[in-house]
1. Towards the positive end of the charge dipole of the range 19-184, with charges on Cβ (+1 Lys, Arg; -1 Asp, Glu), say which of L80, I19, L37 has the farthest Cα.
2. May I ask for the net charge around D108, where only other residues with Cβ less than 12 Å from the Cβ of D108 are counted and Lys, Arg are +1 while Asp, Glu are -1?
3. Using a 7 Å offset from Cα along Cα-Cβ at S34, what residues in the range 55-73 end up with backbone N under 17 Å from the label point?
4. Relative to the present Cα-Cα distance, how much length would full extension add between D108 and H81 at 0.36 nm per residue of separation?
5. About the Cα centre of the range 19-184, what is the dipole size in debye to 20, counting +1 per Lys and Arg Cβ and -1 per Asp and Glu Cβ, all else neutral?
6. Which FRET efficiency value, to the nearest 0.05, is calculated for V149 and H67 with the Förster distance at 45 angstrom and r the Cβ-Cβ distance?
7. Would you mind telling me the share, in percent, of accessible area of the range 19-184 contributed by carbon and sulfur at probe 1.4 angstrom?
8. Once a ≥ b ≥ c are taken as the square roots of the eigenvalues of the Cα gyration tensor of the range 19-184, is the result rounded (a/c under 1.5), prolate (a/b larger than b/c) or oblate (a/b not larger than b/c)?
Amino acid sequence: MGQNQQVQSQEGELELMNIQDLYKSFIMECPSGSLYLHEFKRMFGVQSGTAEAQYMESIFKAFDMNHDNTMDFIEYVAALHLVLRGKLEDKLRWSFKVFDNDDNGRLDRQELQKIIIYKIKKSTMSDDPEIKELTVDQVCNRIFEEVDVNSDGQITLEEFIEGAQRSHWVQSFLRLDINPSGWVQRRDRTCRSTWD
């Protein structure tokens, strides 16, 4: 076996081991084999009734590809793969899907404001100086000025992707903030000590 084939084989084994560990942690968290919204929120330490809870509900709906109000292991792995390893354009497409609450293929101000409220709250809590002093309307207006190319008051998927790729500031608002790597690592350690 050549050096290159050996490296590829090791990478494949590593990937398989990661998936096996991930499955063990998924089953420990969700013995039924289905992840429900309340379990999804608990994984990320999100309390119901908060702006973050609404944000996570939108994310959960987007991950629930077959619309059965649960996330099975395949949907879960696909979501993790997108969030952890996906390309920027794929992440932006998925973000658009999350934000487009009425599934009409366009974002209006109301849909955008829901996300901005969450992002400003999160940034204010972390004292981000660039965002801290801005109002929801100011952020929304700036995003529409930079992204809504035809000025029709709605943002299409194409405008969304191109605008986020052009401007890092816009991208910081339009990109989803979800990082499950800490949860995966924490569960993997628990899983290994339990299963080994």
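1. Ranked along the dipole, the leading option is I19.
2. Value of the local net charge: -2.
3. 60-73
4. 6.9 nm
5. My answer is approximately 460 debye.
6. FRET efficiency, V149 to H67: 0.90.
7. Looking at the range 19-184 in its full context, I get 50 percent from C and S.
8. Note, shape of the range 19-184 comes out prolate.
The values are calculated or read from the model by the stated rules, or taken from the named source; none is laboratory data. It should be emphasised that the depicted structure is a prediction, and the values quoted were computed from it without experimental measurement. Neighbour counts are summed over all protein chains in view; Cβ atoms, including those assigned to glycine, are modelled from backbone coordinates with ideal geometry. Ligands, DNA and RNA are stripped out before the accessible areas are found, and what is left, the full protein with its side chains, is counted by its heavy atoms. Shrake-Rupley method; radii C 1.70, N 1.55, O 1.52, S 1.80 Å.
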